[in-house]
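Every number in this text was worked out from the coordinates using simple rules, so none of it is lab data. Only a predicted model underlies this, so the values are computations on that prediction, with no experimental measurement involved. Cβ sites come from the backbone with ideal geometry, for glycine too, and all protein chains shown count toward neighbours.
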Amino acid sequence: MSQKTYPPSLKFRIVLDVVGGKTQAQVARQFGIDHRLVSKWYKTFVAKGKEIFSNGECSRKISRLENKIKQLEQIIGKKEIEIMFLKNFLEPIRAGS
């Protein structure tokens, strides 16, 4: 038996209804879902909601990605030099053929 999945936008809407003053049971009935799911999503929202406003993790991720981009740009630069060197090396050989 497969478990039904709900899109994040619906979960968020449901949690906002609870935050707005409706009981979890009311919201569960309104959307036709088990009240335990509403409770689980609400608890997740309360526990992780502060991360939305936390800039630290995003900054660290951005910094890591920027470093990765720099590394890849350096690799590309080295490869371009290798290609130029090989082209210059092969030109006289091709011309002599």
Item to check | Spacing of the two label points (7 Å from each Cα toward its C-beta) at SER63 and ILE75, in nm | outcome: 2.3
Item to check | Reciprocal mean inverse distance between Cα atoms of the stretch 54-97 - Kirkwood radius, Å | outcome: 13.1
Checklist entry - If you find the alpha carbon centre of the stretch 1-54 and of the stretch 67-93, how far apart are they in angstrom? => result 52
Item to check | Span-like helix ranges in the chain, DSSP H, alpha carbon extent 15 angstrom or more, Kyte mean at least 0.5 | outcome: 8-19
Next on the checklist: On the principal axes of its Cα set, how long, how wide and how thick is the stretch 15-65? Give whole Å, largest value first.
Outcome noted: 45, 18, 14
Checklist entry - Please report, for the Cα atoms of the chain, the Rg to one decimal and the Dmax as a whole number; what are they, in angstrom? => result 27.7, 85
Checklist entry - Magnitude of the Cβ-charge dipole of the chain, K/R +1 and D/E -1, about the Cα centre, nearest 20 debye? => result 500
Checklist outcome for this item: Summing -39500 (n - 2.57) over every DSSP H run of at least 4 residues in the chain and dividing by its residue count gives a helix-only mean residue ellipticity at 222 nm, to the nearest 500 deg cm²/dmol, of -27000 deg cm²/dmol
Item to check | Relative contact order computed over the stretch 1-53 (Cα-Cα under 8 Å; 6+ residues apart), in percent | outcome: 29
